[in-house]
Amino acid sequence: MKNQKIACFGYGKTTRAIAKHFGPCTFFDDKITVPSVDEEGNTLKPVGEFDTRLFTHEIPSPGFPPSHTLIKNAQHLISEYDFFAPQMPFSIWISGTNGKTTTTQMVEHLLSDKGAISGGNIGTPLADMSPDAPIWILETSSFSMHYNNTARPNIYALLPVTPDHVSWHGSMEEYYNAKLKPLSMMREGEAVILPKMFADAPTKGFKIVYEDEKDLAKYFGFDASKIKFKGAFLMDAMIAMGIDKILYDRCDYDRINAFILDPHRQEEFRDARDRLWVNDSKATNIDATLAALRTYSDYPIHLVLGGDDKGVDLEELFTPLKRYDLTVYAIGANALRLEALCKQYAIPCILCNTLDVAVEQISKKHNRHSIAMLSPAAASLDQFTSYAERGNLFKELAKATK
């Protein structure tokens, strides 16, 4: 392969890692308006200067939509996964709408003694992963799989799938198709852990079908009472343990219970009055928030909602909200929209607009028998630089209450 014939679509982390190992390459990005050369010697060009005849490989960044003019004009398009397929070792792919990161981390934790490493959507581009590692655990998005034609996992674990990225894929059907694409390429002797809704999806791999945690516990012979995680994290843990069981016939409760969750995912802490607060700032979509609510369904809940919801249909959130004993504290860009929906669904709501006001209002009513939770079902960029900044401020404000 001649390096100068690789075109990278999008000047991002994934493609820049490819250029570091196989470059210099030519980058095309919507943000580039004037041709230039970066410090690594890569050529940066505006999208309008792309000519597919000059390249042998055209690699899109994850998330580059099929509707983009570069994708439409490319004649040598190859996904990141397909590009590395020839050197990919035994691989485990983790996908689904929510929980991919946690499950991937849990699998790496359980298989660390076997030399397994993780990457993909979780943070390490495939170009930076060692081909000498015996096992790659890849958090895999529907974006990545959309462009795959040859790469396949040896074990594929699909977490529950709910509506997401519909505008990117064009329809829910296409979103589902992307999630199921690896099945068509898998071979006999390879395993697929699959939600029941996709039980009939064709594959040569061995299907392990589940609807909930009870199905997984029954199939693998796990005792859920010995696993410390709750709610959605219990399913993540069981899928990770299931993969360990498939590969090495192990069931190590102490090892999975030693796993530490990332901050901002149902992160529990207490204030000076011993009241329980839950930082779930990473819940940036409806399904993640509903999963958190299920975990604490036995308690009265003070729920901070709001941010940049990107125009999603919030009806799917409010119908289930009626099942809970809760009050909504609305913040962010969609605060007024949330207030109106709360009124429509007869759900108690306090319009706060900002997080500091929400915590102040919650503190007036919160006690040792209730739960105060930031699980916003929306992105953070309307008021914060990241979900982490939002979560850290929530913890700081809550711990300062008296």
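The values are calculated or read from the model by the stated rules, or taken from the named source; none is laboratory data. Everything quoted here is computed from the prediction, not taken from an experiment. Glycine gets a Cβ as well: all are built from the backbone with ideal geometry, and neighbour counts include every protein chain shown. Remember, those area values only see protein heavy atoms, side chains included, never the ligands or the DNA or RNA. Shrake-Rupley method; radii C 1.70, N 1.55, O 1.52, S 1.80 Å.
Annotation for the stretch 29-97: GluC sites (Glu not before Pro) lying in DSSP loop with at most 14 further Cβ atoms inside 10 Å of their Cβ are Glu39, Glu40. Of the residues Val209, Met185, Gly221, the one whose Cα sits farthest towards the positive end of the charge dipole of the stretch 179-255 is Met185 (charges of +1 on Lys and Arg Cβ, -1 on Asp and Glu Cβ, taken about the Cα centre). Of all DSSP-defined beta bridges confined to the stretch 36-147, some 15% are antiparallel rather than parallel.
Each helix, a run of at least 4 DSSP H residues, gives -39500 (n - 2.57); summed and divided by the residues of the chain, these come to -9000 deg cm²/dmol at 222 nm.
What is the total of Lys pairs in the stretch 155-262 with C-alpha atoms under 18 Å apart, excluding same-chain pairs fewer than 8 positions apart? Lysine pairs meeting the criterion: 21. Projected over every direction and averaged, the convex hull enclosing the alpha-carbon atoms of the chain yields 21.0 nm². Per residue, the solvent-accessible area of the chain (1.4 Å probe, heavy atoms of protein chains only, all protein chains present) comes to 45 Å². A convex hull fitted to the Cα coordinates of the stretch 277-374 yields 86 cubic angstrom per residue. Let's see if you can work this out: charge +1 on each Lys and Arg Cβ, -1 on each Asp and Glu Cβ, no other charges. What is the dipole magnitude of the stretch 271-395 about its Cα centre, in debye to the nearest 20? Dipole magnitude for the stretch 271-395 comes out near 360 debye. Computed over every Cα-Cα pair of the stretch 37-186 and binned at 5 Å starting from 0, the pair-distance distribution P(r) comes out as 2, 9, 17, 21, 19, 14, 10, 6, 2, 0 percent. Note on the stretch 29-92: Rg/Rh from C-alpha atoms, Kirkwood Rh, equals 1.02. Dipole orientation for the stretch 244-340: of the candidates Ala258, Pro320, Val278, Val278 has the Cα lying most toward the positive pole (charges on Cβ; Lys, Arg +1; Asp, Glu -1). Take every DSSP beta bridge whose two residues both sit in the chain; close to 10 percent of them are antiparallel.
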